[in-house]
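Q: Encoded as structure tokens, here's the structure I'll be asking about.
The values are calculated or read from the model by the stated rules, or taken from the named source; none is laboratory data. None of the values given here were measured: they were computed from a predicted structure. Please note: Cβ atoms are built from the backbone with ideal geometry, for glycine as well, and neighbour counts cover all protein chains shown.
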Amino acid sequence: MTRSGETEFAAILRTLTAGRIDFIAIGAVAAISHGLIHTTEDVDVVYSRAKENLRRIVTVLAPLQPYLRGAPPGLPFKFDEHALLSGLNFTLVTTLGSVDLLGEVAGGGTYEQLLPFAGPRSAFGIEFLGVNLDKLIQLKRAAGRPKDFEMIARLEAIRQERAASGRE
């Protein structure tokens, strides 16, 4: 984790994009890319599980010392292709902060299933692929966590504002 205990969002997004990782940003980072002013603690991405992408993920993230967030220290965890193939969703802490690698997400499915609902987005000065506003709202509804309900209301307000101004 960073010295301040905070996630370096731009650095994580830059690392993923520079490493040519096939991912789609969801969660708060995607919401921020749609204009929502929001604080978050991690970067949530749905990643392609194609073998070459898994290889790139390991190559790019291994130097950041990924470890299972919330796991006790010393737990035998090796971040490699085998681990990615054996699991699906990983909540990680790295030297740049927290990253959630999601192979599948409720309400959206896999990377390939989300692709039709994704497009170029920008946040923290970095260009990346992120879900569109409607799909983001759908994902938040499917997650159904109390913290998501307030974000849904704010995202719907953005959608209504865009519709009223003709900027959908």
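Q: Return the pair list, or none, for Cβ contacts closer than 6 Å from residues in region 145-168 that are within 11 Å of residue 36 (Cβ to Cβ) and in contact (Cβ under 8 Å) with a residue 24 or more places away in the chain to residues that are surrounded by 11 or more Cβ atoms within 10 Å (Cβ to Cβ) and among the hydroxyl-bearing types (Ser, Thr, Tyr), at least 6 apart or on different chains.
A: Once the first residue is within 11 Å of residue 36 (Cβ to Cβ) and in contact (Cβ under 8 Å) with a residue 24 or more places away in the chain and sits in region 145-168, no partner that is surrounded by 11 or more Cβ atoms within 10 Å (Cβ to Cβ) and among the hydroxyl-bearing types (Ser, Thr, Tyr) comes close enough.
Q: In region 5-54, how many residues are within 15 Å of the chain's Cα centre (by Cα), buried (at least 18 other Cβ atoms within 10 Å of the Cβ) and in a helix (DSSP H, G or I)?
A: 13
Q: Evaluate the following for residue 136: is it buried (at least 19 other Cβ atoms within 10 Å of the Cβ), touching a strand residue (DSSP E or B) at 6+ places or on another chain (Cβ under 9 Å), part of a helix (DSSP H, G or I) and not polar (S, T, N, Q)?
A: Yes: the conditions hold for residue 136.
Q: While we're on this one: Would you tally the residues in region 88-123 being in a loop (DSSP other than H, G, I, E, B), surrounded by fewer than 20 Cβ atoms within 10 Å (Cβ to Cβ) and at pLDDT 95 or above?
A: Qualifying residue count for the region: 5.
Q: I would also like to ask the following. Look at residue 6 and say whether it is over 23 Å from residue 139 (Cα atoms) and free of Cβ contacts under 8 Å to residues at least 24 places away in the same chain.
A: In short, no.
Q: Does residue 121 satisfy being touching a His at 6+ places or on another chain (Cβ under 8 Å), over 15 Å from residue 15 (Cα atoms) and not aliphatic (A, V, I, L, M)?
A: So residue 121 passes the test.
Q: Next up: Kindly provide the set of residues from region 142-168 that are surrounded by 14 or more Cβ atoms within 10 Å (Cβ to Cβ) and among the aliphatic types (A, V, I, L, M), ordered by number.
A: Across region 142-168, the qualifying residues are 143, 151, 152, 155, 158.
Q: Taking region 55-83, which residues are assigned to a loop (DSSP other than H, G, I, E, B), basic (Lys, Arg) and within 22 Å of residue 11 (Cβ to Cβ)?
A: Residue satisfying the conditions is 69 alone.
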